[in-house]
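Beneath this line is the structure, given in structure tokens, with notes to follow.
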Amino acid sequence: MIKLLASVFAALAATAVSANSSSCTSSSSASKIELSNVPTIRLSNGVEMPAVAAGSCFRDCSKTDTNPSGIQSNPNFFGFLPEKTYRSLTLALEMGYTHIDTALVYRSQKQIGAVLAAKFMSGELSREDVFITSKLFHGDMPGLTRRGSTLPTLDDMTPDEVTDAIEAQFELILEELGVGYVDIMLLHWPAVMDSKDPGNAARRLAAWKVLEKMYARGQARSIGVSNFSEHHIDRLMEDGAEILPMVNQIEASVYKSWENIKAYCDGRGIKLMAYSPLGLGKESLLNDPVVTSIARSKGLAPSQVALRYLVQQGYAVLPLSSSEERLRLNLDLFSFSLTDDEMEKLSALQTKDEGIGLPSPYDMS
């Protein structure tokens, strides 16, 4: 059967090549996009991960009982805004971004797939030009997430049920993105947020085993975790994981750091990715006197100083923006460096311990 399938696919491929060679001679493709020279971070399996990624978690969660949303025409809105991905990612790719960070729960993968399809069809980019990170295994967040992108009954699922669900989510991610593989697949959270359920470890292992299987098949070039403490990773390995996570994506900024997690990962060759690297944005971190003072002295934007601080600590950074100017600034992090004195001043801001309001990795069993 395998030989039969192989011969069928070979015949189809030969037909496609013949058809493409005849049709492409009469049409001209767009110019190739000039890729950025962003440095890469080598993962434990040798995969090179670009140190800056274009984020795609667009949302408006500003509505409260007393305040409207940020959308004037829809003051009651609270949720993700995947439609912002079209323009943001198009601009990012045309500037030379190569790394895209997404997740099933963000509901932005179909939009990413559409943008990439246009670039692939025009010849401006090939699949090998882009680096895609995605995430699955996310518990429900009532009022924000939707069924299909999360696991609403995760705390009640058996390990076998988790296996089936994660296999389905993995396939859905590939379908939405329109690609055959991702460059990194992560477990999004170690458990339902704040869950102390005794079955969490067994469910994590079941989900991780799916990632190990997909890694062996080449449907993920590398695999890792997100929001995991050192205890979660230790327990994962103790329970029977065969592959140590290659990446841990955690919240990190000038105002927020999980020092024990960083030290653990650094000591074991697990590379770190920083989400929400600009914290709450213009409302706090980017107006901090220390950050703005360093930025003025170097002729930079505050965001560049804040991102460079993380880059110099070994993080890959995942800033989110739909602004053309900010996208350009967020990519321009390697034409300058911060001095030891400047790094110390920025590190002193960690005492603020101000994040975006997500649970601590240590609050989940």
Find, among the chymotrypsin sites (Phe, Trp or Tyr not before Pro) in region 176-263, those assigned to loop by DSSP (not H, G, I, E, B) with at most 16 other beta-carbon atoms within 10 angstrom. Tyr181
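Note down the magnitude of the dipole of the chain about its Cα centre, charges +1 on Lys and Arg C-beta and -1 on Asp and Glu C-beta and zero elsewhere, to the nearest 20 debye.
Computed about the Cα centre, the dipole is about 800 debye.
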Per 0.36 nm of contour for each residue apart, how much would the distance between Gln312 and Asp194 grow if the chain were fully extended, relative to their Cα-Cα spacing? 39.3 nm
Here the FRET efficiency for Arg87 versus Phe120, based on Cβ atoms and R0 = 22 Å and rounded to 0.05, is 0.75
Counting only protein heavy atoms, what percent of the accessible surface of the chain is carbon or sulfur at a 1.4 Å probe? 52 percent
For region 271-351, convex hull volume per residue from C-alpha positions, Å³: 96 Å³
For Thr150, the residues 5 or more places away or on another chain with a placed amide H closer than 5 Å to its own amide H are none
Mind checking the per residue accessible area of the chain for me, 1.4 Å probe, whole number of Å²? 46 Å²
If one computes the Cα centroid of region 240-301 and of region 314-332, what distance in Å separates the two points? 14 Å
Skipping prolines and chain starts, which residues have an amide H placed within reach, meaning under 5 Å, of the one on Ser56, given they are 5 or more residues away or on another chain? Asp101
Val317's amide H: which non-local residues (gap 5+, or another chain) put their own amide H closer than 5 Å, with H modeled 1.01 Å from N in plane and none for Pro or chain starts? Val52, Ala53, Ala274
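Arrange the peptides 233-246, 349-362 so that the one whose residues have, on average, the most other Cβ atoms within 10 Å appears first.
Peptide ranking by packing, descending: 233-246, 349-362.
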For the chain, treating each Cα as an identical point scatterer without solvent, what Debye log10 I(q)/I(0) comes out at q = 0.09, 0.10, 0.13 1/Å? -0.53, -0.66, -1.11
For region 209-262, state what percent of all Cα-Cα pairs lands in each successive 10 Å bin, counting from 0 Å until the bin that includes the largest distance. 22, 48, 24, 6
Calculate, in nm to one decimal, what Val290 and Phe77 gain on full extension: separation in residues at 0.36 nm each, minus their alpha carbon distance. 73.2 nm
Within region 116-258, pairs of Lys residues whose Cα atoms are less than 28 angstrom apart, provided they are eight or more positions apart or on distinct chains, add up to 8
Semi-axes, largest first, in whole Å: what does sqrt of 5 times each Cα gyration tensor eigenvalue give for region 192-240? 21, 11, 10
The answer for trypsin sites (Lys or Arg not before Pro) in region 170-229 that fall in a DSSP coil and have at most 13 neighbouring Cβ atoms within 10 Å is Lys196
Here, Ser297 and Asp266, labelled 7 Å along Cα→Cβ, have an inter-label distance in nm of 2.2 nm
If each DSSP helix of 4+ residues adds -39,500 (n - 2.57) and the sum is divided by the residues in the chain, what number results at 222 nm, nearest 500 deg cm²/dmol? -12000 deg cm²/dmol
With the dipole of the chain defined by +1 on each Lys or Arg Cβ and -1 on each Asp or Glu Cβ, the option from Leu172, Thr339, Val210 whose Cα lies farthest towards the positive pole is Leu172
Whole-number percent relative contact order across the chain, with pairs defined as alpha carbons under 8 Å at least 6 apart: 16 percent
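The values are calculated or read from the model by the stated rules, or taken from the named source; none is laboratory data. Model, not experiment: these values are computed from the prediction. For neighbour counting, all protein chains shown are included, and Cβ atoms are generated from backbone atoms with ideal geometry for every residue, glycine included. These area figures cover heavy atoms from the full protein model, side chains too; ligands, DNA and RNA do not enter into them. Shrake-Rupley method; radii C 1.70, N 1.55, O 1.52, S 1.80 Å.
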